[in-house]
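Please treat every number below as a calculation from the coordinates, not as lab data. Please read all numbers here as calculations on a predicted model, not as lab measurements. As a convention, Cβ positions derive from the backbone with ideal geometry for all residues, glycine included, and neighbour counts pool all protein chains shown.
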C-alpha cells in the first residue's frame, strides 16, 4: 500500500526535489539548508545554475526562528536531509553554529536527520549526533590530494574527510559515503580503491553518480583541466544525452562505470545506490541515499 504524505507549506524546511526529476529514486524527505550558497567552490557544482552568487556563502535570515516555526508542521514520518544545495559545515559554521543549533532543535524532538557534507567540522557535533536519530554521509570524490585541491578548492582534504568518517564510526554514528561525481579520465578509475578505503573504516553504504554537465560547471572544469576538454565535450555534447537541464554521459558508459563501483561495494558487503542515473536496478540498499541507516534511538515528541 502506498503511503501518502501531506506536505504543509513551510519556510526553511522544504520538500526534497520539488521538480520530481525522472531519475530520482530518493524516498520522500525534507531538505534543510542553514546557509545560502557554498564556500567550497567545487568546479562541478550545479548550484551556480540556480542560485545567484552561489559561491558566496551567507546564513539564511532569521533561520532559527523560521526553523522552529516549521518544526511545528513537519510530518515525523519524513526525515530531514541537511543539506542538499549548500554544505551545512562551511568554515563559518565554526563560529555561527547554525547547523549545530538546528540539529539540537530537530534531534531533541525525536525527528530523523541525515547530514550530507564534505567537511570534517561535522565531528564537532558528534556529542549530539551520536545520541539522536541521525546518520552522516560524507562526499569523497578522490583520494588524490592534489586532484581534490583543483576540483574542490576550498573543501577539506580527502584525508580529513576519511578521518572524520573514522571518528564518527568509532562514536557509533552510522555513516555512508558519496563517491561522486565520477568524471571520465579524472577520478573514475580510482573509485574501486576508494570503496576499499571506505569499507575499511566502517562505512555501511555507498552512493555514487557520474558528473552531470551544465554550461557553467563544464566551463569551470575544462578551464582547470584543458587536456580533457575535447574528450569531455564529445562525451557530453555529442554522444551524451540531455536529461532535464543537464547533459549526461552516454547511458551504456554511465552504467558500466557505476556497475564497476557496485561490484566492489558488493565485495565488501556494503549496500549501494546510484543518484539520478536511471538505473534503479543497481540500487542494493533499502534507499539509494543511505537514509535507511538513520537509527531510531527515540521517537518523535508532540510538537
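Some values worked out for this structure:
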read-out: Between helix 251-267 and the chain: long-axis angle, C-alpha atoms, 0 to 90°, nearest 10; value: 60
read-out: Candidates 228, 218, 279, ranked by Gaussian network fluctuation over the chain, Cα under 10 Å, top entry; value: 228
read-out: Three-way shape label, the range 11-97, alpha-carbon gyration tensor, a/c 1.5; value: oblate
read-out: Spatial separation of Cα centroids for the range 73-96 and the range 256-278, in angstrom; value: 26
read-out: Antiparallel DSSP beta bridges within the range 13-293, as percent of all bridges there, nearest 5; value: 25
read-out: Computed FRET value (nearest 0.05) for residue 131 with residue 17, which takes r as the C-beta separation and R₀ as 41 Å; value: 0.90
read-out: Average Cα contact separation per residue, the chain, under 8 Å, 6 or more apart, as relative contact order %; value: 19
read-out: Rounded to 10°, Cα long-axis angle of helix 215-224 versus longest principal axis of the chain; value: 60
read-out: Principal axis box of the range 1-152, alpha-carbon based, largest edge first, Å; value: 48, 37, 29
read-out: Degrees separating the helix 158-170 axis from the principal Cα axis of the chain, which is the longest one; value: 40
read-out: Residue exposure sequence - 159, 61 - by fewest surrounding Cβ within 10 Å; value: 61, 159
read-out: Cβ-Cβ FRET estimate between residue 268 and residue 62, R0 fixed at 35 Å, reported to 0.05; value: 0.20
read-out: GNM flexibility winner over the chain from 213, 102, 246 (Cα, springs under 10 Å); value: 246
read-out: For the chain, built as a Gaussian network whose Cα springs stay under 10 Å, the top-fluctuating residue of 94, 39, 164; value: 94
read-out: 257, 10 arranged by Cβ crowding within 10 Å, fewest neighbours leading; value: 10, 257
read-out: Value at 222 nm in deg cm²/dmol, rounded to 500, when DSSP H runs of n ≥ 4 in the chain each add -39,500 (n - 2.57); value: -8500 deg cm²/dmol
read-out: Order of 50, 89 - criterion: other Cβ atoms within 10 Å of each residue's Cβ, fewest first; value: 50, 89
read-out: Spread of Cα-to-Cα distances over 10 Å intervals beginning at zero, given as percent, for the range 103-224; value: 13, 42, 29, 14, 2
read-out: Stretchable slack from residue 216 to residue 237, in nm (0.36 nm times residue separation minus alpha-carbon distance); value: 6.2 nm
